[in-house]
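Submitted below is the structure of interest, expressed as structure tokens.
Readers should treat all values here as calculations from the given coordinates under stated rules, not as data from a laboratory. Everything numeric here is computed off the predicted structure, so don't read it as measured data. Glycine gets a Cβ as well: all are built from the backbone with ideal geometry, and neighbour counts include every protein chain shown.
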């Protein structure tokens, strides 16, 4: 019975890893799409501004700000996750190091 639970746990870990990789590629492509939209919208806004017809294309100007905010929000969220994971990983490393020292002391 314990072997069945171990097998299910390993399958769940593999599924979670695959899901993480899928989300990584999905959000990576979405971020590339957002950068492309930002570049084109900024170019359209600047060309309208240089032509003197800035007020005619207010939707494209709005797209510049919305896309910029979306990129900022995604990068800020990713930064928070990286900081949290690195802190948790550091804590696990310290705990495992302390455990190794404890086992070495008790073995002697």
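Kindly evaluate residue 2 against the criterion of being over 23 Å from residue 73 (Cβ atoms), surrounded by 10 or more Cβ atoms within 10 Å (Cβ to Cβ) and without any contact (Cβ under 8 Å) to a residue 12 or more places away in the chain.
For residue 2, the condition - over 23 Å from residue 73 (Cβ atoms), surrounded by 10 or more Cβ atoms within 10 Å (Cβ to Cβ) and without any contact (Cβ under 8 Å) to a residue 12 or more places away in the chain - is not met.
Just to check your reading of the model, which residue among 34, 18 is closer than 30 Å to residue 77 by Cα and in contact (Cβ under 8 Å) with a residue 40 or more places away in the chain?
After ruling out the rest, the residue left standing is 34.
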